[in-house]
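Chemist: Take this structure, written in structure tokens, and hold onto it; I'll ask about it next.
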Amino acid sequence: MSLIYNRVALIGLGLIASSMAHAMRRDKTVGEITGTARSAETREIAREVGICDQVMDTAVEAVADADLVVLAVPVGAMEAVAREIGPHLKPGATVTDVGSVKRAVIDAVAPHIPDNVHFIPGHPLAGTEHSGPRSGFAELFENRWCILSPEDHTNAEALDRLTRLWKAMGANVNTMEIDHHDLVLAVTSHCPHLIAYTMVGVADDLGRITDSEVINYSAAGFRDFTRIAASDPTMWRDVFMNNKEATLEILGRFTEELFALQRAIRQGDEQHLFDYFTRTRAIRRGIIEAGQDTDAPNFGRGNTR
Ligand code: NAP
């Protein structure tokens with residue numbers, strides 16, 4: 001593949017940044033990758049794993065002469081990083097982020113980006129429950145969506161280059177208005193995570209009574225909740241602290257529906273339950289048809305417990 005950027009700087013070296021680095025190196029789409037992380041420990045692991053060509057001790061050193069800077073830190077850390085690197089960005093460079101929330105990140109980052117630097121917010125809809133510099137892999141973005149949120153005045157060439165990079169990493173790219181992004185993600189990702197956290201918390205409380213049962217019989221639905229609820233606590237705390245409005249809106253609707261289902265169970269309203277479950281089953285079919293999951297039973301895991 002042809003070169004898209006001469007030099008890319010990754011700020012934060014966790015799941016998303018290390019996956020990007022592996023993909024960019026695989027495809028030789030960038031000349032050089034520099035990176036940094038908050039702790040000396042993570043920087044040391046990143047050097048050991050060989051994620052970047054150079055791991056710097058500070059973000060200021062990492063962004064020197066970079067054509068693309070990727071902010072891949074938890075949402076709550078974006079502002080401090082942008083403030084630190086702002087004065088050191090190369091004129092004409094592009095800054096993007098991969099944060100799971102867009103409105104709060106843009107409000108935090110944009111004021112620190114100089115006029116001669118392009119800021120194009122982004123969000124790859126790809127992840128796992130693992131985090132840290134060892135968790136990345138080049139295929140993470142394969143056939144997943146990456147949402148970019150440019151403004152009307154965003155430089156077309158800069159947008160085209162960033163789009164080409166995400167496509168080279170295997171992603172499908174779409175643009176989306178900021179607040180719409182935050183609402184859509186509240187439905188598809190943020191609230192489902194909160195519900196999984198809650199369900200696992202409830203089972204944990206019960207577990208004090210029937211400890212082994214919760215663990216032994218965790219196949220079926222509960223095991224999938226535990227996978228989601230194993231996601232990084234810092235990242236998810238920051239998501240909810242920074243997407244309050246949309247998540248509260250969706251949780252309000254969720255609670256209403258839950259009460260309606262609760263009432264149907266209590267009143268023996270079989271039809272309500274049947275109709276509801278028929279409707280939701282069709283959504284799963286739509287996801288499979290869109291190539292976003294496998295039709296194999298048990299998510300293709302085989303018949304393991
Ligand atoms: P991660 O694996 O937990 O890595 C986070 C990285 O950020 C680490 O290198 C960490 O360094 C660094 N960091 C943390 N706090 C920092 C601070 N205050 N200043 C500088 N660096 C700091 O996270 P991730 O899963 O890659 O997520 C990164 C971003 O992508 C987040 O904004 C998240 O919302 C978004 N995202 C995540 C997923 C997902 O499923 N994981 C999917 C899409 C988007 P240390 O290790 O030294 O603390």
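The values are calculated or read from the model by the stated rules, or taken from the named source; none is laboratory data. Keep in mind that this is a model prediction, so the values were computed, not measured. All Cβ positions, even for glycine, are placed from backbone atoms using ideal geometry, and neighbour counts span all protein chains on display. These area figures cover heavy atoms from the full protein model, side chains too; ligands, DNA and RNA do not enter into them. Shrake-Rupley method; radii C 1.70, N 1.55, O 1.52, S 1.80 Å.
Chemist: For the structure I just gave you, tell me whether ASP107 is without any contact (Cβ under 8 Å) to a residue 12 or more places away in the chain and closer than 20 Å to MET176 by Cβ.
Modeler: Values: without any contact (Cβ under 8 Å) to a residue 12 or more places away in the chain: yes; closer than 20 Å to MET176 by Cβ: yes.
So ASP107 passes the test.
Chemist: Looking at segment 65-81, which of its residues are closer than 20 Å to ARG38 by Cβ and open to solvent by 10 Å² or more (accessible area, probe 1.4 Å)?
Modeler: Kept after step one, since they are closer than 20 Å to ARG38 by Cβ, are these residues of segment 65-81: 66, 69-81.
Correct list: ALA72, VAL73, PRO74, VAL75, GLY76, ALA77, GLU79, ALA80, VAL81.
Chemist: Quick check, is ARG279 basic (Lys, Arg), part of a helix (DSSP H, G or I) and modelled with pLDDT of 95 or more?
Modeler: Working: basic (Lys, Arg): yes; part of a helix (DSSP H, G or I): yes; modelled with pLDDT of 95 or more: no.
No, not satisfied.
Chemist: Another question, if that's okay. Given LEU3, LEU10, LEU15, which one is open to solvent by 10 Å² or more (accessible area, probe 1.4 Å) and under 20 Å from LEU159 (Cα atoms)?
Modeler: Working: LEU10 fails: open to solvent by 10 Å² or more (accessible area, probe 1.4 Å); LEU15 fails: under 20 Å from LEU159 (Cα atoms).
Step by step, each of LEU3, LEU10, LEU15 is checked, and only LEU3 is open to solvent by 10 Å² or more (accessible area, probe 1.4 Å) and under 20 Å from LEU159 (Cα atoms).
Chemist: Here's another thing I want to ask about it. Under 6 Å by Cβ, and 6 or more places apart or on different chains, what pairs join a residue from segment 82-103 that is without any contact (Cβ under 8 Å) to a residue 40 or more places away in the chain and open to solvent by less than 10 Å² (accessible area, probe 1.4 Å) with one that is in a helix (DSSP H, G or I) and away from the ligand (no atom under 11 Å from the Cβ)?
Modeler: Within 6 Å, the pairs are ALA82/VAL109; ALA82/HIS112; GLY86/HIS112.
Chemist: Determine if segment 245-253 includes at least one residue that is open to solvent by 60 Å² or more (accessible area, probe 1.4 Å) and under 28 Å from SER131 (Cα atoms). Working first, answer last.
Modeler: Residues of segment 245-253 open to solvent by 60 Å² or more (accessible area, probe 1.4 Å): 245, 248-249, 253.
The next check asks that each one be under 28 Å from SER131 (Cα atoms); those that pass are 245, 248.
Yes, segment 245-253 has at least one match.
Chemist: May I ask you to list the residues in segment 37-57 that are open to solvent by 50 Å² or more (accessible area, probe 1.4 Å) and touching a residue at least 24 places away in the same chain (Cβ under 8 Å)? Write out each step before concluding.
Modeler: First pass over segment 37-57, keeping only residues open to solvent by 50 Å² or more (accessible area, probe 1.4 Å): 38, 40-41, 44, 47-49, 53-54, 57.
Across segment 37-57, the qualifying residues are ARG38, VAL49.
Chemist: In this structure, is GLY252 assigned to a helix (DSSP H, G or I) and modelled with pLDDT of 95 or more? Full working, then the answer.
Modeler: Numbers: assigned to a helix (DSSP H, G or I): yes; modelled with pLDDT of 95 or more: yes.
Here the answer is yes, as GLY252 does meet what is asked.
Chemist: Quick one: which residue in PRO297, PRO233 is open to solvent by 80 Å² or more (accessible area, probe 1.4 Å), within 23 Å of the chain's Cα centre (by Cα) and either at pLDDT below 95 or not hydrophobic (A, V, I, L, M, F, W, C) (or both)?
Modeler: On the way: PRO297 fails: within 23 Å of the chain's Cα centre (by Cα).
Step by step, each of PRO297, PRO233 is checked, and only PRO233 is open to solvent by 80 Å² or more (accessible area, probe 1.4 Å), within 23 Å of the chain's Cα centre (by Cα) and either at pLDDT below 95 or not hydrophobic (A, V, I, L, M, F, W, C) (or both).
Chemist: When you look at PRO121, is it open to solvent by less than 40 Å² (accessible area, probe 1.4 Å) and free of Cβ contacts under 8 Å to residues at least 60 places away in the same chain, yes or no?
Modeler: On the way: open to solvent by less than 40 Å² (accessible area, probe 1.4 Å): yes; free of Cβ contacts under 8 Å to residues at least 60 places away in the same chain: yes.
Criteria met by PRO121.
Chemist: Could I ask something else about it? Regarding segment 263-275, can at least one residue be identified that is touching a residue at least 40 places away in the same chain (Cβ under 8 Å), in a helix (DSSP H, G or I) and open to solvent by 80 Å² or more (accessible area, probe 1.4 Å)? Break it down stepwise before answering.
Modeler: First pass over segment 263-275, keeping only residues touching a residue at least 40 places away in the same chain (Cβ under 8 Å): none.
For segment 263-275, residues touching a residue at least 40 places away in the same chain (Cβ under 8 Å), in a helix (DSSP H, G or I) and open to solvent by 80 Å² or more (accessible area, probe 1.4 Å): absent.
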